[in-house]
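Notes follow once the structure below has been shown.
The values are calculated or read from the model by the stated rules, or taken from the named source; none is laboratory data. Here the structure is a predicted model, which means the values were calculated and not measured. In this analysis, Cβ positions are derived from the backbone assuming ideal geometry, glycine residues included, and neighbour counts consider all displayed protein chains.
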Amino acid sequence: MSDIRVLTGPEVAEHASKDNCWIIVHGKVYDVTEFLPEHPGGQAIILKYAGKDATAAYEPIHPPDAITTNLPVDKHLGVVDASTVAKVVKEVTEEEKLRQKYVEARPPLDTIVNLHDFETVTRKVVSEKAWAYYSSASDDEITLRENRMAYQRVWFRPRILRDVTNVDWSTTILGRKSSLPVYISATALGKLGHPDGELCLTRAAQNHGVIQMIATLASCSFDEIVDAAKPDQTLFLQLYVNRDREITRKYVQHAEARGVKALFITVDAPQLGRREKDMRMKFVGEEGVAKVQDGQSDIKKDEGVARAISSFIDPSLSWKDIPWFRSITKMPIILKGIATAEDAILAYEAGVQGIVLSNHGGRQLDTARSGLEILVEVIPALRARGYFPNPNFEIFVDGGVRRASDVLKALALGAKAVGVGRPFLYAFCSYGQEGVEKAIQIFRDELEMNMRLLGARTVDELVPEMVDASALSSHVVLTPHDTLFHNTYVPLEGARFQES
Ligand code: 173
């Protein structure tokens, strides 16, 4: 071990330019000069930390192994003597002070009564940047809001006098036991909102028999998440397909070897939507950075966090690729992001094991329809061809689910289970693992009550006759105002004037 080079802070600090750029991450020194133009997030952000410790900025956006796997070994220069590194004294901004105050004044967890509450708390206790990234949706955010509204256009037709002493909401998802007809859907960059990131989900899920879908762009590395899971815990994987299929092949096969039970290929994001809240945040936040570039144009600077790191996603992905995926894995393949009956039929005929009817949480094509509305189009179309019901082809819905009543509506209309993304993310941003456990408990409590009141003792008893979805596809119906949702929803802002 004696041949490891030990550098001092001042030595590293001498390499602080575009032509000679060293950085410190997790106590190690890296020469990133040649890597600068290749950095998916642009060079500017690295240059901001040239010659300094970049760990704090690096951590939420990258899995821990991102730098070691992407940078040739000869650029790993050595370790830094911690006592010699000038602490990048993070100036405690007014924003940060306020955030800390809110963290301290968080409502006690036992006073949290519904999933909206986690969102209310998260908005105050995470950084503005994290909030902008998580909460944003594309363009005018019409679809984001529609995802809630759609559930409110479906009304229950409850049945009575059925002896509902015992109700059971457990189910199977792709042949795997799940204590809820809900799975934790993939969301990226968990460490922006909590230091343990997605591990909060993994730990909570294992205590409650809930299935977690790991995101390709999680802040924790894939292996960290799998290592944190129990051997018998079911994990699914969400996949962004890389332009370099070899990388994707290795990733998928590694996941399968590590015991992941299903592959959800995201098919609605050949390009990321323009999420304006996120874009504005980045633009304002990195203003100083643009100057480092000295007139160089950095097209990434106003794109927001997600767009900056999504350039590896292959927009050429097509139906022709499905047989290749089938050839590289035995895991069930599910296409995530189907939005029409036409594509649901193609998916079935392509031989995949399921589809997620989704608009990516309103973050992709704005004014795309809600998953629930897609569901009532897809089921009859599949049924007419004899493709539904079929135990080997499961249909999922995600987007906008905040209540067990939403879950029951989707199941009654033919979904096998629903995906829940942001609410679980917000649960850990606000209260860590315990928050996620509480969110699961809330689902249980609401499912118990709603199933009793609806007269369904098991998920199999949730039938289409229990709902009136006749207004679902009509977008001009009045429903009572969803107060909690609208109180949490932050309206888009207009252009910002510069400060003088
Ligand atoms: O919705 C997203 O933000 C998302 O899917 C994504 C895609 C690429 C990078 C980060 C997040």
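Return only the number of the condition from (1) more than 26 Å from D460 (Cβ to Cβ); (2) of a type in the set (V, I, T); (3) touching a residue at least 60 places away in the same chain (Cβ under 8 Å) that T340 does not satisfy.
Result: T340 passes all but (3).
Looking at the range 1-23 only, could you name the residues that are in contact with a strand residue (DSSP E or B) (Cβ under 6 Å, 6 or more places away or on another chain) and free of Cβ contacts under 8 Å to residues at least 40 places away in the same chain?
Residues satisfying the conditions are H15, I23.
Looking at V154, V125, V182 in this structure, which one is among the β-branched types (V, I, T) and within 18 Å of Q441 (Cα to Cα)?
From the options V154, V125, V182, the qualifying one is V182.
Within the range 195-217, count every residue that is touching a Gly at 6+ places or on another chain (Cβ under 6 Å) and at negative phi.
Residues meeting the conditions: 2.
Would you mind stating whether A204 is touching a strand residue (DSSP E or B) at 6+ places or on another chain (Cβ under 8 Å) and either at pLDDT below 95 or crowded, with 20+ Cβ neighbours inside 10 Å (or both)?
no
Is one or more of the residues making up the range 321-339 among the hydroxyl-bearing types (S, T, Y), assigned to a loop (DSSP other than H, G, I, E, B), closer than 27 Å to R422 by Cβ and modelled with pLDDT of 95 or more?
Scanning the range 321-339 turns up no residue that is among the hydroxyl-bearing types (S, T, Y), assigned to a loop (DSSP other than H, G, I, E, B), closer than 27 Å to R422 by Cβ and modelled with pLDDT of 95 or more.
Counting only residues that are buried (at least 23 other Cβ atoms within 10 Å of the Cβ) and within 16 Å of the ligand (Cβ to nearest atom), which one in the range 364-397 is nearest to L239 (Cα to Cα)?
The residue in question is Q364.
Just to be sure before I move on: is L239 within 16 Å of the ligand (Cβ to nearest atom) and either under 20 Å from the mean Cα position of the chain (by Cα) or not hydrophobic (A, V, I, L, M, F, W, C) (or both) in the structure I sent?
Taking the combined requirement at face value, the residue satisfies it.
Report yes if V25 is among the aliphatic types (A, V, I, L, M), touching a Leu at 6+ places or on another chain (Cβ under 6 Å) and buried (at least 16 other Cβ atoms within 10 Å of the Cβ), otherwise no.
So V25 does not fit the description; no.
Residues are listed down the side, and each one gets a yes or a no for (1) touching an Asp or Glu at 6+ places or on another chain (Cβ under 6 Å); (2) at pLDDT below 95; (3) in a helix (DSSP H, G or I); (4) among the acidic types (D, E):
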{"site": "I247", "(1), (2), (3), (4)": "no, no, yes, no"}
{"site": "K250", "(1), (2), (3), (4)": "no, no, yes, no"}
{"site": "Q253", "(1), (2), (3), (4)": "no, no, yes, no"}
{"site": "E256", "(1), (2), (3), (4)": "no, no, yes, yes"}
{"site": "G259", "(1), (2), (3), (4)": "no, no, no, no"}
{"site": "F264", "(1), (2), (3), (4)": "no, no, no, no"}
{"site": "A269", "(1), (2), (3), (4)": "no, no, no, no"}
{"site": "D298", "(1), (2), (3), (4)": "no, yes, no, yes"}
{"site": "R307", "(1), (2), (3), (4)": "no, yes, yes, no"}
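What residue, of V125, V103, is modelled with pLDDT of 95 or more, under 17 Å from P423 (Cα atoms) and under 25 Å from the mean Cα position of the chain (by Cα)? Walk me through how you get there before you give the answer.
On the way: V103 fails: under 17 Å from P423 (Cα atoms).
Selected residue: V125, the only one of V125, V103 that is modelled with pLDDT of 95 or more, under 17 Å from P423 (Cα atoms) and under 25 Å from the mean Cα position of the chain (by Cα).
State the number of residues belonging to the range 24-78 that are in a loop (DSSP other than H, G, I, E, B) and either without any contact (Cβ under 8 Å) to a residue 24 or more places away in the chain or more than 22 Å from Y251 (Cα to Cα) (or both). Walk me through it before giving the result.
To start, the set of residues in the range 24-78 that are in a loop (DSSP other than H, G, I, E, B) comprises 26-27, 32-35, 39-42, 48-52, 54, 62-65, 71-72.
Those still in the list that are either without any contact (Cβ under 8 Å) to a residue 24 or more places away in the chain or more than 22 Å from Y251 (Cα to Cα) (or both) too: 26-27, 32-35, 39, 42, 48-52, 54, 72.
Adding up the residues that qualify gives 15.
Here are D232, D227: which of them is surrounded by fewer than 22 Cβ atoms within 10 Å (Cβ to Cβ), among the charged types (D, E, K, R), assigned to a helix (DSSP H, G or I) and free of Cβ contacts under 8 Å to residues at least 40 places away in the same chain?
D227
(1) in contact with a helix residue (DSSP H, G or I) (Cβ under 6 Å, 6 or more places away or on another chain); (2) within 16 Å of the ligand (Cβ to nearest atom): which one isn't true of S221, the others all being true?
All conditions pass for S221, except number (1).
Which of (1) without any contact (Cβ under 8 Å) to a residue 60 or more places away in the chain; (2) surrounded by fewer than 24 Cβ atoms within 10 Å (Cβ to Cβ); (3) away from the ligand (no atom under 16 Å from the Cβ) does E128 not meet, given it meets every other one?
With (1) without any contact (Cβ under 8 Å) to a residue 60 or more places away in the chain; (2) surrounded by fewer than 24 Cβ atoms within 10 Å (Cβ to Cβ); (3) away from the ligand (no atom under 16 Å from the Cβ) applied to E128, the lone miss is (1).
Of the residues that make up the range 469-476, is at least one surrounded by 12 or more Cβ atoms within 10 Å (Cβ to Cβ), in contact with a strand residue (DSSP E or B) (Cβ under 9 Å, 6 or more places away or on another chain) and part of a helix (DSSP H, G or I)?
No, that holds for no residue.
Listed here are the residues, each with its yes/no results for (1) at pLDDT below 95; (2) surrounded by 24 or more Cβ atoms within 10 Å (Cβ to Cβ); (3) out of contact with any Ser or Thr (no Cβ under 6 Å at 6 or more places or on another chain).
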{"site": "A412", "(1), (2), (3)": "no, no, yes"}
{"site": "Y431", "(1), (2), (3)": "no, yes, yes"}
{"site": "D482", "(1), (2), (3)": "yes, no, yes"}
{"site": "A495", "(1), (2), (3)": "yes, no, yes"}
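Only residues that are more than 16 Å from the ligand (Cβ to nearest atom) and either of a type outside the set (A, V, I, L, M, F, W, C) or free of Cβ contacts under 8 Å to residues at least 24 places away in the same chain (or both): list them for the range 179-211, please.
Within the range 179-211, S179, P181, Y183, H194, P195, D196, T202, R203, Q206, N207, H208, G209 meet the criteria.
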